[in-house]
Structures are given as structure tokens and as C-alpha cells.
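Q: Once you've had a glance at the structure underneath, I'll fire off some questions.
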Amino acid sequence: MSTVQIEWGNLGRSEAVEKEIHEKSKKIFMHAPTATTLVVHFQIINSANSAGVSLEKVTMELRLPKHQDIRAEREGENLYKCIRECKVALLKQIESHKQIEHDRAVDKIETEI
């Protein structure tokens, strides 16, 4: 069973953000059914109180078997955009991982023939 672990860092907990993470995780776990955990960490890099624009950082780590975890990280002004971009980056890495595993399997079959 896959789980989602949210680490709020210095960002206040939000049900809307939590719901967004759980929605995005469904697609991630669909593409990586062997994954055990999705860890999402939030951090405010530059708060609105300081000079400049408020920046937030999202890090997603997908735990896979055999310690082949993958990770994506995005920073920006829009937290939801950072979440979407992390999800897309993870999905690309999952597909790349699948292609590598497929190529290894084909190579093994060819060497056995």
C-alpha cells in the first residue's frame, strides 16, 4: 500500500494544499505501482515579510524498491505551480526508469539467446 507523507516545514498546514497533493499522488502511484511512499516537503525560502517576492520550495521524493528513489524539486512564487511541476518531473523520471528497466530486460534476453 502506498502512502503520502507531507512535511510542512515552515509552511502552515493547509487542507487545500493537502488535497492537491493527494490528487497528484494518485497519478504518480498509478505510473509507479511498486512505489511505497511519496514524501512531499514544503519550505518558504523568502517570506513575504522580507525584501523581494515570497518564494516557496516543493520537494517530492518517491520511494521505490531496491533504493532507486527519485526526486524532484521546484521553487517559485506559486505553490500549486511548483507542485504540478514536481509531479511532471517525477512522471518523466518514472517513464525514463521504466525504459531503462525494459532495455536491461531486452539486453538480458538477447545475451541468453
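The values are calculated or read from the model by the stated rules, or taken from the named source; none is laboratory data. Because the structure is a prediction, the values reported are computed rather than measured. Because the Cβ atoms are built from the backbone with ideal geometry, glycine has one as well, and the counts that use them run over all protein chains shown.
Q: Just a yes or no: is a residue in segment 39-54 at pLDDT 90 or above and under 22 Å from H97 (Cα atoms)?
A: yes
Q: A further question follows. So which of I45, I28 ends up being β-branched (V, I, T) and either part of a strand (DSSP E or B) or on the phi > 0 side of the Ramachandran plot (or both)?
A: One residue alone meets the criteria, I45.
Q: Keeping to segment 5-22, report how many residues are closer than 18 Å to E61 by Cβ and part of a helix (DSSP H, G or I).
A: 5
Q: Among the residues of segment 1-33, what is the count of those that are of a type in the set (S, T, N, Q), exposed (fewer than 13 other Cβ atoms within 10 Å of the Cβ) and at pLDDT below 90?
A: Qualifying residue count, segment 1-33: 1.
Q: A further question follows. Contact list please: Cβ distance under 6 Å, first residue in segment 76-96 and acidic (D, E), second residue outside any helix (DSSP H, G or I), pairs at least six apart or on different chains.
A: E77/V53; E85/R74
Q: Do we have L38 as touching a Lys or Arg at 6+ places or on another chain (Cβ under 9 Å) and surrounded by 15 or more Cβ atoms within 10 Å (Cβ to Cβ) here?
A: So L38 passes the test.
Q: May I pose another question? Could you tell me which residue of segment 59-113 is farthest from E15 (Cα to Cα), considering only residues that are modelled with pLDDT of 90 or more and of a type in the set (S, T, N, Q)?
A: This residue is Q93.
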